[in-house]
Amino acid sequence: MELTEFVFNPKKGIDNPAMVIAEDSDRVSGPTPRVCVLKREEGQNLGFHLRVERGHQGHVVRNVDVRGVAERGGLRDGDCLLEVNEMFVGDLEHVKVVRMIQVNEPQLCLLVLDGEEYEKAVAQGVDLKELASAQRGASWKCPRLCHIPRDPVSGLGFSILPVEGAKGKFTINPATGGPAEKAGVRKGDRLVWINGAMACELTHSAISKMVKKSNDHMTVLVIDSEGEENYGRRRMPILPGMADAQNMPHRPRRLHLEQGPDGYGFFLREEKNAAGHKVHMLGEVDIGSPAELAGVKYGELLLEVNGVSTDGLIHEEVVSQIRGSGKKVTLTTMSLQCQDFYTKLGLSPLLFTEDHSPVKEQNVKAVPAEQSSAVVKLSVVPAEAWQELQVEPKPRLCVLQRATLGFGFHLGCVQQKPGTFINQVTAGGPGESAGLLQGDVVVEVNGTNVEEECLEDVILLMKNGGSSLSLLVVDREGYEWIKKHGRPITSEKVVKVSEVQENVMSASPSQPAL
């Protein structure tokens, strides 16, 4: 039988000796946090709710699903959250803690304290941040996420060797002065993760092939051997969300905008990416506007509004969020290149968001007089109301002939509200040729007004028209202007698309300005 070493605790007295494991003797009298590792599969949820409750301190775990991801990971009803992926959350706003959990999915480590222990610790004035940090011990060292660009001469500048007698463990050694060393890799580091794959699940041969096939860069997650042992002792996985990632080449930016007299000064449009998912993309930015001074860039993706994800929201909902922010709004944006980078790594780019300080001083060139009309088209709209358009809008009559694959456009609508708009126009299709633009509001279909009709009725009306289709449309800004001024859309105001085909085809889709 294996013997366990015990020590005598003299504080309890000779007649009632307390026997405890030596390495835990310093923790028996205080609160004991627990590590809960949660990992969900695609389509699963984490299986618990996180709340702030009246009469309770901290972020409280509730409604833990029986046999769900959270319960299997060790979470219990009433637990209070201390850390998410080794970041203390006790002093953070609740919405920020929820966001951290969402961003770090599908796998994350939670450090929690039993609800009763948490209340006692708070009452006794225990420093919860220090308590959480103490669980890691003196040997804890943060893992490092290192992005290594390939040098034309020296390559990536590292070698990877298996650890003798330890299956699934590898050592990475950088060449002195090479790209890997400059990226933060140190001699003797353990390789945890490479280009999105866990090293422990790969063979040395498979890793070698990955390195050879890499093009101009590679990203690795590493930690020294002592740090690796520390995580092993605590039975915790080493995850990218825990890492120091100072040299990552792309990062989303958190921009802080203050509304000016003419609004924020940028346009927003909804598009579909290569995978067919809807994304919200920043359009034109007015010269000298708050948006330009804050760093808003044309063509970037809008990920969050005031820390709330735009994923799954329709265009009108995102615009409403921005306008509802009042005089200040915080936007999280990233470039398409940034999106592609993190998609290939299988990581959420929001893990690496950085604050972008607004430009305090910037030389803005004067706009030449001959460009004044273009500035009018890009004028901004205050959050509380549409700005007066400088040019009266002109509805357009677009006549389409059905092709093999249809009319070449898709309709959109605001849920549970009448009215339809052109959501997408197929490149080279009949819709584009007829002059339809993404965002156009559909006023009439084959001479019948459809402004108060639901989407299904509009589609049925189009189908009944046969192979020919006549649409009376107007851009969104123009439509809002017309409605605001109570002016009817009459045939006298209709522009025949055939007469201005070149102008229509070269114009960019009109979108609500902000």
Pairing a residue in the range 455-469 that is part of a loop (DSSP other than H, G, I, E, B) with any residue that is β-branched (Val, Ile, Thr), where Cβ atoms lie under 9 Å and the two sit 6 or more apart in sequence or on different chains, gives GLY465/VAL445
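Does VAL153 qualify as being outside any helix (DSSP H, G or I) and surrounded by fewer than 17 Cβ atoms within 10 Å (Cβ to Cβ)? Before you say what the answer is, go through the steps one by one.
Numbers: outside any helix (DSSP H, G or I): yes; surrounded by fewer than 17 Cβ atoms within 10 Å (Cβ to Cβ): yes.
Answer is yes for this residue.
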From LEU268, LEU257, residue being buried (at least 23 other Cβ atoms within 10 Å of the Cβ) and assigned by TED's automatic domain parsing to the domain that holds LEU302
LEU257
Single residue of VAL296, VAL329, VAL319 found to be over 14 Å from the mean Cα position of the chain (by Cα) and assigned to a strand (DSSP E or B)
VAL329
Can you pull out the residues in the range 71-83 that are on the phi < 0 side of the Ramachandran plot and either in contact with a strand residue (DSSP E or B) (Cβ under 6 Å, 6 or more places away or on another chain) or assigned to a loop (DSSP other than H, G, I, E, B) (or both)?
GLY73, LEU75, ARG76, ASP77, ASP79, CYS80, LEU81, LEU82, GLU83
Check VAL192 against each of (1) farther than 30 Å from GLY30 by Cα; (2) over 32 Å from the mean Cα position of the chain (by Cα); (3) among the β-branched types (Val, Ile, Thr) and name the one condition it does not meet.
(2)
Against the definition (in the same structural domain as ASN230 (by TED's automatic domain parsing), assigned to a strand (DSSP E or B) and of a type in the set (Lys, Arg)), how does ARG186 come out, yes or no?
no
Condition first: crowded, with 18+ Cβ neighbours inside 10 Å, part of a loop (DSSP other than H, G, I, E, B) and at pLDDT below 80. Now tell me which residues in the range 420-438 satisfy that.
GLN438
Evaluation of GLN107 against (1) over 26 Å from the mean Cα position of the chain (by Cα); (2) touching a residue at least 40 places away in the same chain (Cβ under 8 Å) (one fails), failing number:
(1)
Taking the condition surrounded by fewer than 20 Cβ atoms within 10 Å (Cβ to Cβ) and modelled with pLDDT of 90 or more, does VAL112 pass?
no
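Going through VAL442, VAL473 one at a time, which residue ends up being free of Cβ contacts under 8 Å to residues at least 40 places away in the same chain and in a strand (DSSP E or B)?
After applying the criteria, what remains is VAL442.
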Residues in the range 115-148 that are touching a residue at least 12 places away in the same chain (Cβ under 8 Å), surrounded by fewer than 17 Cβ atoms within 10 Å (Cβ to Cβ) and in a loop (DSSP other than H, G, I, E, B) total 6
GLY125 being in contact with an Asp or Glu (Cβ under 9 Å, 6 or more places away or on another chain) and on the phi > 0 side of the Ramachandran plot:
no
Of the residues in the range 57-97, how many are among the polar types (S, T, N, Q) and in contact (Cβ under 8 Å) with a residue 60 or more places away in the chain?
2
If I ask for residues that are charged (D, E, K, R) and modelled with pLDDT of 90 or more, which ones from the range 78-93 would you list?
ASP79, GLU83, GLU86
Taking the options ASN230, ASN215, name whichever one is assigned to a helix (DSSP H, G or I), more than 17 Å from the chain's Cα centre (by Cα) and either among the charged types (D, E, K, R) or not assigned by TED's automatic domain parsing to the domain that holds THR343 (or both).
ASN230
Just give me the residues in the range 94-109 being modelled with pLDDT of 90 or more and either not assigned by TED's automatic domain parsing to the domain that holds ARG51 or not in a helix (DSSP H, G or I) (or both), in sequence order.
LEU108, CYS109
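The values are calculated or read from the model by the stated rules, or taken from the named source; none is laboratory data. Note that the coordinates shown come from a computational prediction; the quantities given were computed from them, not determined experimentally. Here the Cβ is made from the backbone with ideal geometry for all residues, glycine too, and neighbour counts use every protein chain on show.
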